[in-house]
Every structure is written in structure tokens, then in C-alpha cells.
Amino acid sequence: MRWRVLTLFLSLAVAAAGQELERSPFHGDETSIGVGKASFRLRCSACHGIHAEGGKGPPLNRGEFAAGNRDVDIYRVIARGVPGTEMPAYGTRNTEENIWRIVAFLRTFEAVADEPVDGDAERGEAVFWGGGGCGGCHKVGRRGGSYGPDLTRIGRSRSVQHLREALLDPGKDLPAGYFVVKVVTRDGRTISGIGSGIDDFSAQLRDASGKLHSFLREEVESIEREFTSVMPSGYGESLSDQQQRDLLAYMQALRGEESR
Ligand code: HEC
Ligand code: HEC
């Protein structure tokens, strides 16, 4: 008898907690939504855009989320972040209430279609692995090079606008952790590549062939760190407008399925 009461009590408690979690307690509440919006502008807009239209991070104004469409799915992504991407975990630096207010704000957007890309993903794929030479530096699934970032789920991580910019104006908004290290040796040679470590005494870099180099400051003439891109910068001219749109359509469609 006692067990039954306890079980009943427990299942009620779980149900209550579940209910609380399923939907934001601030859903539809104007004041809380205003607070959520202010928080969003302060903490999130640098990556997701001031109107949640996307930027370096994906658009959040589509009324639809890759992480799932229940309030609790959105809550979890914000609280835990997305490991291995630039999406930080906010669970430790925010109160639960504050995150729920942001969720209530994100819920105010009506469904909007993705920015249409007037291109053909299949043709884009051909450019990527063929004439564009992108696959020499980028991986999609198991295929491709590893000098540049893995693009397997880039369509999920970034907005179309950011992808276009990455292609036509590389270096404007570098992915986190990417920088160039340029070393001039005592005998006048310059070696540069993507930095994989740098401090007061030494620097490590990977050159375009994938080879790792390590230098001690005292052994070389100079070591410089530059926040520039190593992407070829002429794609605006070497690729036709149609090829650019096809590539964008291809990248927008990359959602991570290739790695499974
Ligand atoms: C430094 C950049 C950055 C900041 C700051 C940032 N995000 Fe993100 N966010 C991202 C990236 C990149 C992704 C995509 C992760 C992936 O590849 O799945 C993402 C993903 C998300 C998603 C999942 C989207 C979906 O469709 O599933 C949500 C929701 C989200 N962010 C909300 C927020 C909120 C709310 C804040 C502020 C409290 C925030 N983000 C701050 C970069 C950022
Ligand atoms: C020489 C190697 C190289 C080639 C070729 C190259 N990339 Fe990149 N790409 C990089 C590197 C390295 C980065 C990141 C840092 C930087 O820009 O230097 C990058 C960044 C990107 C990004 C941004 C990724 C992000 O997380 O925001 C996209 C998108 C991209 N490249 C697409 C392409 C496409 C499409 C092509 C072919 C038309 C291409 N790249 C060709 C090396 C390359």
C-alpha cells in the first residue's frame, strides 16, 4: 500500500517535471519574451543575427529547428551547446528561467522558408570535387582533404549568407580556432600554414601538404600570427554565377547525414 502511494507520488512528480520541461513556462508572456529578446540580442546575435536571421550560426527565425521542434529540444541545445561546434553551452552561466525566456522569444517566429538558393546541389557537388578544387582541402563525410574545416554538416551550422561570404570573401569571419602562422627562418625562408599552436616561445603549423612544422622563437627570425584566410580568394571570378549558386545549394544541403 505504502509503495503504491509512493509510486503514485513519484509518477505525479515526474509528470509535473515533464510538463514543466516540455514547454517554456513563459510561452506567450509578453514581458518575459521582451526579456528573452534582450538576452538574445546581447548573447546570441553576434552569431545568429540581430533578428535571428542567421550569420555565422544558423537562422533561428524559421519556426523550425534541426535539434527538434519542442520547446524542450531548443532548451537543451541552448543549455548544453553543440559539442565540437561554435555553439557554446549556456546551462552553467544562465538561470533555467532565463533560457526558457529565450526559448519563448524564439517561439514567436512564424515558419519562414529557407533563403532560396537558385542552384542545383548535384551540379554543385560536381564543382566541389572537380573544377572548384574544394575537396582537396575540405572533407564531406569520409572523402576529401583536411587542411580546411570539415564541411559534413556545414548546411546545418551556418546560414546561406555566411556560406556565400566564406566562398567570395574568405577571411571576413573565420571559423573559431583558425589562424595563419608565418615563420621567417634565419636563412630567409618563409614558411606559412594553419597554426595549430602558438605561445611566447614556440609555434606549430600545418602546411598545405598536411606536414606539421614546429619552431622555437629563438631559432628563427620571426613568428607572426595573422587572422587571414588560406582559402583561394578568386572564386568570385574563376567560378561562374551559376557555379557559385550550385555550390551554395550543395553546401546548404550538407546536414551531416554523410557521416552516418
Ligand atoms: C559563437 C557563435 C554562437 C553563439 C554566441 C551562439 N550560437 Fe547558437 N549556434 C551556433 C552554431 C555554429 C550552431 C550550429 C551548431 C551545429 O552545427 O549543429 C548553433 C546552433 C544553435 C541552435 C540549434 C539550431 C537548430 O536548428 O537546431 C540554437 C537553438 C541556438 N544555437 C541558440 C542560441 C542561443 C539562444 C544563443 C545565445 C544564448 C546562441 N545560440 C549563441 C553558434 C552560436
Ligand atoms: C587551399 C585549401 C582550401 C581550398 C582549395 C578551399 N578551402 Fe574552404 N577553407 C579552407 C580553410 C583553411 C578554411 C578556414 C580558415 C580559412 O579561411 O583560412 C576554409 C573555410 C571554408 C568555409 C567556411 C567554413 C566555416 O566553418 O564557416 C567554407 C564554407 C568553405 N571553406 C568552402 C569552400 C569551397 C566551396 C571551396 C571550393 C570552391 C573551398 N572552400 C576551397 C581551405 C580551403
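The values are calculated or read from the model by the stated rules, or taken from the named source; none is laboratory data. Nothing here was measured: the structure is a model prediction, and the numbers come from that model. So basically every Cβ, Gly included, is an ideal-geometry build from the backbone, and we count neighbours across all protein chains shown. Remember, those area values only see protein heavy atoms, side chains included, never the ligands or the DNA or RNA. Shrake-Rupley method; radii C 1.70, N 1.55, O 1.52, S 1.80 Å.
Below, the figures for the structure above:
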read-out: Of residues in the stretch 171-187 being farther than 25 Å from Gly234 by Cβ and not in a loop (DSSP other than H, G, I, E, B), the one farthest from ligand 2 (Cβ to nearest atom); value: Thr185
read-out: Every pair of residues 6+ apart whose Cβ atoms lie under 7 Å, when the first sits in the stretch 215-232 and is closer than 14 Å to Leu168 by Cα and of a type in the set (Gly, Ala, Ser) while the second is within 13 Å of ligand 2 (Cβ to nearest atom) and at pLDDT below 95; value: Ser229/Pro170; Ser229/Gly171; Ser229/Leu174
read-out: Within the stretch 143-186, considering residues that are more than 16 Å from ligand 1 (Cβ to nearest atom), in contact with a helix residue (DSSP H, G or I) (Cβ under 9 Å, 6 or more places away or on another chain) and of a type in the set (A, V, I, L, M), the one least open to solvent (accessible area, probe 1.4 Å); value: Leu167
read-out: Enumeration of residues in the stretch 100-119 that are crowded, with 17+ Cβ neighbours inside 10 Å and in a loop (DSSP other than H, G, I, E, B); value: Arg107, Val117, Gly119
read-out: Extreme residue, modelled with the lowest pLDDT, among residues of the stretch 187-217 that are among the hydrophobic types (A, V, I, L, M, F, W, C) and open to solvent by 70 Å² or more (accessible area, probe 1.4 Å); value: Ala208
read-out: Selected residue (criterion: farthest from Glu22 (Cα to Cα)) from residues of the stretch 56-86 that are surrounded by 20 or more Cβ atoms within 10 Å (Cβ to Cβ) and within 15 Å of ligand 2 (Cβ to nearest atom); value: Lys56
read-out: Residue ID - farthest from ligand 1 (Cβ to nearest atom), chosen from residues in the stretch 123-142 that are charged (D, E, K, R) and in contact with a helix residue (DSSP H, G or I) (Cβ under 7 Å, 6 or more places away or on another chain); value: Arg123
read-out: Hits in the stretch 225-252 (condition: surrounded by fewer than 14 Cβ atoms within 10 Å (Cβ to Cβ) and more than 20 Å from Gly131 (Cβ to Cβ)); value: Arg225, Glu226, Phe227
read-out: Number of positions in the stretch 132-141 that are without any contact (Cβ under 8 Å) to a residue 40 or more places away in the chain and farther than 11 Å from Met231 by Cβ; value: 3
read-out: Out of Arg101, Arg80, Arg62, Arg123, sole residue that is of a type in the set (D, E, K, R), within 28 Å of Asp241 (Cα to Cα) and modelled with pLDDT of 95 or more; value: Arg123
read-out: Residue identified as of a type outside the set (A, V, I, L, M, F, W, C), in a loop (DSSP other than H, G, I, E, B), on the phi < 0 side of the Ramachandran plot and surrounded by 14 or more Cβ atoms within 10 Å (Cβ to Cβ) among Ser24, Ser39; value: Ser24
read-out: Test set (1) more than 19 Å from the chain's Cα centre (by Cα); (2) buried (at least 18 other Cβ atoms within 10 Å of the Cβ); (3) of a type outside the set (Asp, Glu) - Thr95 fails condition number; value: (2)
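Residue-wise test of (1) of a type in the set (A, V, I, L, M); (2) within 22 Å of Glu257 (Cα to Cα); (3) assigned to a strand (DSSP E or B).
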{"site": "Pro88", "(1), (2), (3)": "no, no, no"}
{"site": "Asn98", "(1), (2), (3)": "no, no, no"}
{"site": "Glu125", "(1), (2), (3)": "no, yes, no"}
{"site": "Gly155", "(1), (2), (3)": "no, yes, no"}
{"site": "Leu163", "(1), (2), (3)": "yes, yes, no"}
